[in-house]
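Trainee: My questions will all concern the structure given below.
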Amino acid sequence: MSVAKRSVAMAFDLPGPAKISFFGGEPLLRLDLLKEIVQHAETESQRRGERVYFSITTNATLLTEEVRDYLYAHRFYLGISIDGCRAAHDATRR
């Protein structure tokens, strides 16, 4: 979490609103950590009086209604990656 906290601080130190993106591998595999980082960033946002924006890129295989509602509540921009062969996607498509 210390690396994440330093990254959040750097995002707020840049000009304009802080923008924090979750991508690479599958960020929803560590939803617990993602939520910790979001909470920390939102606390910093309030403390500094500055806006923060979140985005996530996921393959959507772990995108449940609960996760969707969490992302919506925290104003995430949601990107869904579509890579790999059709058979692999069809095997896990909802």
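Trainee: Helix 2-13 versus the longest principal axis of the chain: what is the Cα-based angle in degrees, 0 to 90, to the nearest 10?
Mentor: So the helix axis and the longest Cα principal axis differ by about 70 degrees.
Trainee: Contour minus end-to-end for S55 and T43, with contour as 0.36 nm per residue of separation and end-to-end as the Cα-Cα distance?
Mentor: Using 0.36 nm per residue and subtracting the Cα-Cα distance, I get 2.6 nm.
Trainee: With each pseudo-label sitting 7 Å past Cα toward Cβ, what's the Y72-S21 distance in nm, one decimal?
Mentor: 2.5 nm
Trainee: Once you place label points 7 Å from the Cα toward the Cβ at I80 and S2, how far apart are they in nm?
Mentor: Calculated label separation equals 3.9 nm.
Trainee: At q = 0.16 Å⁻¹, work out log10 I(q)/I(0) for the chain with the Debye formula, treating every Cα as an identical point scatterer and leaving solvent out; two decimals please.
Mentor: Once normalised to I(0) and log-transformed, intensities are -0.69.
Trainee: Considering only DSSP states other than H, G, I, E and B, which trypsin sites (Lys or Arg not before Pro) in the range 12-80 qualify as loop sites with at most 14 other Cβ atoms within 10 Å?
Mentor: R51, R75
Trainee: Quick check on the chain: helices-only [θ] at 222 nm, where DSSP H runs of length 4 and up contribute -39,500 (n - 2.57) each and the sum goes over total residues. Nearest 500, please.
Mentor: -15000 deg cm²/dmol
Trainee: If you don't mind, there's one more thing I want to ask. What do you get for GluC sites (Glu not before Pro) in the range 1-62 restricted to DSSP loop and a cutoff of at most 15 other Cβ within 10 Å of the site's Cβ?
Mentor: The qualifying sites are E50.
Laboratory data are not the source of any read-out in this text; all were calculated from the coordinates shown. Since this is a predicted model, take the numbers as computed values, not measurements. All Cβ positions, even for glycine, are placed from backbone atoms using ideal geometry, and neighbour counts span all protein chains on display.
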